2 protein chains.
Amino acid sequence: MTLLTAGILIIGDEVLSGRTQDTNSNFIAKNLTSSGIKLEEIKIIQDQKNHIISSVKLFSEKYSYVFTTGGIGPTHDDITSQSIAEAFNKKYEINKEAYKILEKYYTDGEFNESRKRMTKMPSDVQLIYNPITAAPGFILNNVYVLPGVPKIMEVMFINILKNLKKGKPKKIITINTNLYESKLAPFLDDIQKKYKDCSIGSYPYFNFLSKTGGVNIAISSWTMDSLDDVKKEIIEMIKFNGGNYSLV
Amino acid sequence: MTLLTAGILIIGDEVLSGRTQDTNSNFIAKNLTSSGIKLEEIKIIQDQKNHIISSVKLFSEKYSYVFTTGGIGPTHDDITSQSIAEAFNKKYEINKEAYKILEKYYTDGEFNESRKRMTKMPSDVQLIYNPITAAPGFILNNVYVLPGVPKIMEVMFINILKNLKKGKPKKIITINTNLYESKLAPFLDDIQKKYKDCSIGSYPYFNFLSKTGGVNIAISSWTMDSLDDVKKEIIEMIKFNGGNYSLV
């Protein structure tokens, strides 16, 4: 079985200016990992047509799935849909199904030009329904186009995730210890060399106030049937070095 | 004056797996924006040498400044320093100054092989001092190499920011309103067309529980002397449409 991969494109000047802390990519990342889809890259880019086009094309070629968030609202700076139409040489036109949805959702007179703009999409897309504010996202080839507002994006993502082909979930075990990372390093290096099909990461943290810290050791694998042997060996090593451990 | 630009590379499997929510890029983004440096791209990549090398080279050519976080610790999965050495055809060797710093910081016997590894860097770098856990980052050409632990990264970043060439800070005014984005859209579009040297962004938000929302309208410009006229026009427009507004 080939590994399913993904890339995320976050589209929005507001993230690059620091105005907004992106949380969409973390939400998608967690769900992909537990669905056996390996997220290989996240890119945060400006609301600029040429950037969107080149990034979408590249990601679409490189990864099994591409998820974009942002830039599909009703205003002049929302240019994701037309950029994606250009990226795939599709017409950018009113999607009849999306038009019907919004026509029904808005009462008389509320369905103005800006809202109609949200129904313009590349031709030949499949809609992603939006149970909160009605305006749909869409799927074109392997690209899933979602809005930027987290609460809406999250509901829509969970819905599309149901229909995605999934892989074997990545196995992960995390062990916390009070030993320093540099103390652990040579031992972890040896254990890593012995178990080449898993990845052993060490993530130190530091409490600024108490000036104390520790390390989370994460063992992960997309292919191994069990991580128990690696886990056992790491715990023995921590004990041997006089450290405490707990499973996270 | 040419605009100063920047790119951020976040290096770390733990962000891509969703284990860690990246906050480093938002911290750096905010500080760059207020320092008149335009952040154009953020990329989050795996702990893989070829990815790091190609991304660092590309960013170094494209942007005035490049900031990397992550992958300079003592363990086997910390490969940022050697990757950057390769990217710029430099030797990867013990940095004598860094060696002295860590030798002094650690008491006898504590300065083990793994900690010594943290003093291996590309040749010809300038150190970025670390007032918390001693192990320095470094500067090579226009690339600033920082650790991944947020509290340590932040202190080190603030120190290097003092010495960076700065631009005219980006002017930003944010106006909140209870009107819908789609109501505002055609008016904002007109105002945007009139003031081409600023960028008018609209950021809707939605409260899932109360099913209410609003829009933050952000006017920003790297070049205009004042945003007051644009602000006035947007406020008049909100009032005209029967909306409430407040400055954020």
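Roughly what % of DSSP beta bridges within the stretch A:4-163 run antiparallel, to the nearest 5?
35 percent
Find how much the distance from A:Leu161 to A:Glu93 grows on full extension, using 0.36 nm per residue of separation minus their present alpha carbon separation; answer in nm with one decimal. Working shown, then result.
On the way: separation 68, 0.36 × 68 = 24.48 nm, distance 2.65 nm.
Here the segment from A:Leu161 to A:Glu93 would lengthen by 21.8 nm.
Can you give the relative contact order of chain B as a percent, counting alpha carbon pairs under 8 Å and 6+ residues apart?
Reported as a whole number, the value is 17 percent.
Taking each residue in A:177-190, count the Cβ atoms of any other chain within 10 Å of its Cβ, then average. What number comes out?
Shielding by partners across A:177-190 averages 5.
In whole Hz, with x marking every Gly and Pro, tabulate ³J(HN,Hα) for the stretch A:105-121 from phi via Karplus 6.51 cos²θ - 1.76 cosθ + 1.60, θ = phi - 60°.
Couplings: 5, 8, 6, 3, x, 7, 8, 7, 4, 5, 5, 4, 4, 5, 9, 7, 8 Hz.
At 0.36 nm per residue, and after removing the present C-alpha to C-alpha distance, how many nm does the segment from B:Phe240 to B:Lys168 gain when stretched out fully?
22.5 nm
Of the listed pairs A:Lys57/B:Lys30; B:Lys49/B:Lys116; A:Lys168/A:Lys231; A:Lys211/B:Lys91, which have alpha-carbon separations greater than 26 Å here? Let's see the in-between values first.
Values: A:Lys57/B:Lys30 29 Å; B:Lys49/B:Lys116 21 Å; A:Lys168/A:Lys231 20 Å; A:Lys211/B:Lys91 34 Å.
A:Lys57/B:Lys30; A:Lys211/B:Lys91, as the Cα separations exceed 26 Å there.
Could you give the nm distance between label points at B:Thr223 and A:Tyr106, where each point is 7 Å from its Cα heading toward the beta carbon?
3.4 nm
How many nm separate the modelled label positions at B:Leu209 and A:Ser123, each set 7 Å beyond the Cα in the direction of the Cβ?
4.8 nm
List the residue from chain B whose beta-carbon is nearest to the axis that rotates chain B onto chain A, together with that distance in whole Å.
Value returned for chain B: B:Lys43, 3.
Under a 5 Å amide H to amide H cut-off, with H placed in plane at 1.01 Å, what residues pair with A:Tyr63 once short-range neighbours are removed?
Answer set, sorted by chain and number: none.
What is the distance in Å between the Cα centroid of the stretch B:139-213 and that of the stretch A:61-102?
One Cα centre to the other: 23 Å.
Please tell me which of these pairs span more than 30 angstrom C-alpha to C-alpha: A:Lys151/B:Lys165; A:Lys162/A:Lys194; A:Lys43/A:Lys170; A:Lys100/A:Lys151; A:Lys38/B:Lys90?
In this structure, A:Lys151/B:Lys165; A:Lys162/A:Lys194; A:Lys38/B:Lys90 lie more than 30 Å apart at Cα.
Excluding residues fewer than 8 places away in the same chain, name every one of the aspartates and glutamates whose C-alpha is closer than 14 Å to that of A:Lys120.
Once the sequence-local aspartates and glutamates are set aside, what remains near A:Lys120 is A:Asp78, A:Glu86, A:Glu93, A:Glu97, A:Glu103.
Can you sort B:Asp190, B:Asp13 so the residue with the fewest Cβ neighbours within 10 Å comes first? Before the final figure, lay out each step's value.
Details: B:Asp190 12, B:Asp13 24.
So the ranking, lowest neighbour count to highest, is B:Asp190, B:Asp13.
Order of A:Phe157, B:Phe111, B:Phe240 from fewest to most other C-beta atoms within 10 Å?
B:Phe240, B:Phe111, A:Phe157
Over all residues in B:38-47, what is the mean tally of Cβ atoms on other chains that come within 10 Å of each residue's Cβ?
6
Can you list the copy-to-copy distances for A:Lys193, using a point 7 angstrom from Cα toward Cβ, in nanometres, shortest first?
Listed shortest first, these distances are 6.9 nm.
Among DSSP beta bridges lying fully in the protein assembly as shown, give the percent that are antiparallel, nearest 5.
Within the protein assembly as shown, antiparallel bridges account for around 65 percent of the total.
In terms of Cα to Cα distance under 18 Å, which aspartates and glutamates are near enough to A:Lys232, apart from those fewer than 8 places away along the same chain?
Answer for A:Lys232, where 18 Å is the Cα cut-off: A:Asp189, A:Asp190, A:Asp197, listed by chain and number.
Using a 10 Å cut-off on Cβ to Cβ distances, tally the other chain neighbours for every residue of B:112-121 and report the average as a whole number.
3
Are there trypsin sites (Lys or Arg not before Pro) in the stretch A:32-113 that DSSP marks as loop and that have at most 15 other Cβ atoms within 10 Å, and which are they?
The qualifying sites are A:Lys91.
To one decimal place, what orientation-averaged projected area in nm² is obtained for the convex hull of the Cα set of chain A?
So the mean shadow area of the Cα hull is 16.6 nm².
Helix B:150-161 against the longest principal axis of chain B: what's the angle in degrees, Cα atoms only, rounded to the nearest 10?
80 degrees
For B:Thr75, A:Thr33, B:Thr107, what's the fewest-to-most ordering of other Cβ within 10 Å of each Cβ?
Taking fewest neighbouring Cβ atoms as first place, the list is B:Thr107, A:Thr33, B:Thr75.
Could you state the angle between the C-alpha long axis of helix A:49-62 and the longest principal axis of the C-alpha atoms of chain A, as a value from 0 to 90 degrees rounded to the nearest 10?
The angle comes out near 50 degrees.
What is the list of residues in the stretch B:90-111 whose amide nitrogen lies under 18 Å from a point 7 angstrom out from the Cα of B:Ala134, following Cα to Cβ?
B:94-111
Over the stretch B:171-247, what is the relative contact order in whole percent, taking alpha-carbon pairs under 8 Å and six or more residues apart?
Values: 124 pairs, mean separation 34.1, N = 77.
Computed value for the stretch B:171-247: 44 percent relative contact order.
What do you get when you divide the Cα radius of gyration of the protein assembly as shown by 2.2 N^0.38 Å, with N the number of residues?
With N residues counted in the protein assembly as shown, Rg over 2.2 N^0.38 Å equals 1.05.
What is the helix-to-structure angle for A:24-34, meaning the angle in degrees between its Cα long axis and the longest Cα principal axis of chain A, kept from 0 to 90 and rounded to the nearest 10?
Relative to chain A, helix A:24-34 is tipped by roughly 60 degrees.
Values quoted throughout were computed directly from the atomic coordinates according to the rules given, and no laboratory measurement underlies them. Note that this is a predicted model, so its numbers are computed, not measured. Note that each Cβ is placed from the backbone with ideal geometry, even for glycine, and that neighbours are counted across all protein chains shown.
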